[in-house]
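Since the structure comes first, as structure tokens, the remarks are kept for the end.
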Amino acid sequence: MDPNTIKALALDLDGTLLAPGAVLTERTIAAVKNCIRRGLTIIISTGRSLQATEPYRVSLGAEGPMVYFNGALVTDMPRNEALSTTLLEKEKAEFCLDLSRETGVYCQMFIPGKASQITLMTEQDAPERTMYYNHTGILAELVDLKEVFRQPEIFGCFKCMFLAEAEVLTALRPRVYEHFCDEVYIARTYPTFLEVMDKSVSKGRGLTIAMKHRSIKKEEIIAIGDEENDLPMFKAAGFSVAPSSANEKVKAAADLVIGSHAEDGVASFLEEFFPHRA
């Protein structure tokens with residue numbers, strides 16, 4: 001990697017840019033802003049929703065195409081102009097709902113509405129609902145999802161999320177795969193999150209769309225991430241970096257392993273690779 005040829009950074013949030021507790025440290029903010037002053041484009045590429053990402057984007061001062069929902073939504077910010085939208089069909093979302101009802105595993109879905117509104121919905125007032133609120137600041141609305149999907153203007157959801165202990169999700173995942181096979185995209189985006197999206201969705205596809213809108217070539221971008229949903233992003237970028245706290249498969253796929261997210265690993269890497277510019 002030559003810092004003089006790099007024009008953009010694709011940054012995952014949870015487990016990568018954010019310290020434990022979903023905290024964006026002052027050191028990380030300063031390091032990213034220094035990159036922006038050097039002329040680099042910052043593309044946040046996250047499994048989070050736009051709403052849950054926005055406070056971090058504003059703090060960093062990043063503008064332009066951003067990748068949300070693992071690539072199901074690419075939006076030019078702060079103009080809030082959607083560049084790409086991909087929904088999981090409601091028939092597939094309803095299977096996930098039925099599986100949740102059968103097993104009792106907490107399930108929530110991001111449902112698109114009018115005027116670009118996206119609402120997080122669930123049927124279960126469970127501890128996982130509060131946990132997700134504490135993690136993202138978004139509290140899922142309690143609804144009858146079957147009734148929601150009967151509405152003719154609802155065509156699907158951005159993603160379906162199962163939230164549970166890691167071992168529960170490990171046992172649940174084969175059931176989702178056996179039903180859909182390759183008809184959906186399934187990813188662990190956090191130890192306690194299992195997500196189901198349209199089969200065409202990935203951070204790699206989302207990043208490629210964002211890069212095209214900024215005329216950024218593959219060899220001009222570094223992707224930094226920690227979980228299996230970041231692997232397609234690694235393939236779309238010219239270079240890949242993973243924190244030492246990342247998933248083992250992700251570290252094995254990365255060109256470089258840096259310090260953990262608990263130690264401001266990304267900030268340390270950026271400070272060294274892109275020296276401070278006043």
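Laboratory data are not the source of any read-out in this text; all were calculated from the coordinates shown. Remember, predicted model here, so these are calculated numbers, not experimental data. Counting neighbours? That spans all protein chains shown, and the Cβs are built from the backbone with ideal geometry, glycine included.
Below are the figures for this structure:
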item	result
Euclidean distance of C-alpha centroids, region 41-55 and region 109-126, integer Å	18 Å
In region 1-70, the chymotrypsin sites (Phe, Trp or Tyr not before Pro) that fall in loop regions by DSSP, at most 12 other Cβ within 10 Å	none
Dimensionless Rg ratio for region 125-186, taking C-alpha atoms and the 2.2 N^0.38 Å reference	1.33
Net dipole in debye of region 88-198 [+1 Lys, Arg Cβ; -1 Asp, Glu Cβ; about Cα centre; nearest 20]	220 debye
Hull volume in cubic angstrom per residue (convex hull over the Cα atoms of region 88-198)	96 Å³
Under the Debye formula (equal points on every Cα, no solvent term), log10 I(q)/I(0) of the chain at q = 0.08, 0.14, 0.16 Å⁻¹	-0.31, -0.96, -1.23
Neighbourhood net charge (14 Å Cβ-Cβ; Lys/Arg +1, Asp/Glu -1) for Leu142	-4
Mean Cα-pair separation over length for region 1-120, i.e. relative contact order, pairs under 8 Å, 6 or more apart, %	15 percent
Degrees, to the nearest 10: 90-103 long Cα axis against longest axis of the chain	70 degrees
Exceeding the 32 Å Cα-Cα cut-off - candidates Lys92/Lys249; Lys90/Lys251; Lys146/Lys218; Lys90/Lys203; Lys114/Lys217; Lys33/Lys218	Lys90/Lys251; Lys146/Lys218; Lys114/Lys217
Rg/Rh for region 199-238, where both radii come from Cα atoms and Rh is the Kirkwood radius	0.95
Equivalent ellipsoid dimensions for region 1-61 as semi-axes, Å, which come from the Cα gyration tensor, largest first	20, 12, 11
Residue among Leu87, Gly15, Gly238 farthest towards the positive dipole end of the chain, charges placed on Cβ	Gly238
Only Lys, Arg (+1) and Asp, Glu (-1) charged, at Cβ; the chain dipole about Cα centre in debye	960 debye
Region 192-276: projected area of the alpha-carbon convex hull, averaged over directions, in nm²	6.5 nm²
